[in-house]
Amino acid sequence: MRHGMLKMAAVRNGMFPRGFARFLILSALVVIGTVSSTQSADKPAKSAEWPQILGPDRNGISAETGLLNQWPAEGPKEVWRVPGGVGMSGLAISRGRLLTLVQRDGKQTVVALDANTGKPIWEQPVAPQYRNPMGDGPRATPTIVGDQVFVFTGEGILLALNFQDGKIQWTHNVLKEHDGKEADYGMACSPLVVGGNVIVTAGAPDATVVAYDVKTGKQAWVSGNDVAGYSSPALLNVGGKSQVVVYTGGSVLGLDPQTGANSWRYPYETNYECNIAIPLSIQGKIFISSGENHGSALLSLKPNGKKFDISEVWVSQGTKSVLRTEWQTAILLDGYLYGMDNVGGAGPITHLTCINAATGERAWQQLRFGKGNLIAADGKLWISTMKGELVLLQANPKSYTEIGRKVIIGTTRQAPALAGGLLYLRDDKEIVCLDVKKQ
């Protein structure tokens, strides 16, 4: 249910009165495709890639090893630091290039940098500047697949670009074409590529989700009639079948990747349609979580002809929920979920929490950890905080185990990106690269 546009200013100092905090619920935008694990010039090792939101499998987990397990006295070594631009787009890395969306000089622009040096390779303006009371600039993270890059702007324009030189191959104003309404906080879906289609959420009356042919840009299918929300779709193996799972503003849907046919729908309404985190597959089941004092659920799917019957394995809702992720997708490691539990309606208090994924029971909680975003690699959690810190933790389901922390950048919502032993962060001004390989 739509509650109308919010009229409040964004406060960026880390202390957020109730009425001014909702800009924080934007996703760190905070994911694609499958990259071969065979090392070659055209197909680098999966561990050296971070080609979409939240990495190779859109779950925030990297296969890299040999990373820091002790905190250097001065923190991780800085490799380079360059100017960036305004926006909430995350960082995508492939074949030695880093891509992101920034807003500067009155335009939303895709920038490509050398991932090892930070030197510019190309930049491509893709839309006029985007303004929103909850923060200006593009929200979605680029998706890199093969020789193409797919981007989605704050007002809902989808573009395909050439990876080598940034030239625009095709474009669709998705919302205009489907008479859709822009989400209150801007369009935040990071494109998903499955097979020969690129998929985004539009939230239009006849098209919650839209798929286009990656090469021609021709529309392949539309599906659903829910409002958009702020999550990005994911390809998950759930209920014994590979499905595109879409967390909309009022539900979670299961779609056939090739046709868009809807095989199940689970209603899940939150205030302001703030379903943001990406759904996760847990032993063939689906985990979803939302802030705004909503909570979490683990869902089981049972085939019933061409449809699925849905049952709740566990549900934890309301003010006493074990986990209310705001914009951050939780990390699943060895049967435990690590996530940011936000207290209240986008309020200032956030606890870092570990829960048993199978039962929903809380394992531990670090009270008032603060707002941030996280990824995992080499048995550790790499967390970027709203204070601009990089925090390194041991992924330990028995207790909170901090290895170190250091302020690196300004206020940020984006999760870190990791590729080839280098960790990348950005804020509204800069992009920074750190060497996090074991010394």
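Data for the structure
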| read-out | value |
| --- | --- |
| Reach of Lys285 by Cα under 16 Å, taken over lysines that are not fewer than 8 positions away in the same chain | Lys241, Lys302, Lys307 |
| Theoretical ellipticity at 222 nm over the chain - DSSP helices of four or more residues, -39500 (n - 2.57) apiece, nearest 500 | 0 deg cm²/dmol |
| Simple spin-label estimate for Gln258 and Asn173 in nanometres, 7 Å along Cα-Cβ | 3.4 nm |
| Lys437-Glu269 FRET efficiency (beta carbon distance; Förster radius 41 Å; 0.05 resolution) | 0.35 |
| Modelled FRET efficiency - R0 51 Å, Asp213 with Ala73, Cβ distances, 0.05 increments | 0.45 |
| Global form of the chain, assessed from the alpha-carbon gyration tensor, a/c cut-off 1.5 | rounded |
| Ala363-Thr401 pseudo-label distance in nm [points 7 Å out on the Cα-to-Cβ vector] | 1.0 nm |
| Added length on full extension, which subtracts the Cα-Cα distance from 0.36 nm per residue, Gln164 to Asn356 | 64.8 nm |
| Cα gyration tensor, the stretch 125-237 - rounded (a/c under 1.5), prolate or oblate | oblate |
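Any read-out appearing in this document is the output of simple, stated calculations on the displayed coordinates, not a laboratory observation. What you see is a predicted model, and the numbers here were worked out from it, not measured in a lab. A quick note on method: Cβ atoms are made from the backbone with ideal geometry, for glycine too, and the neighbour counts reach across all protein chains shown.
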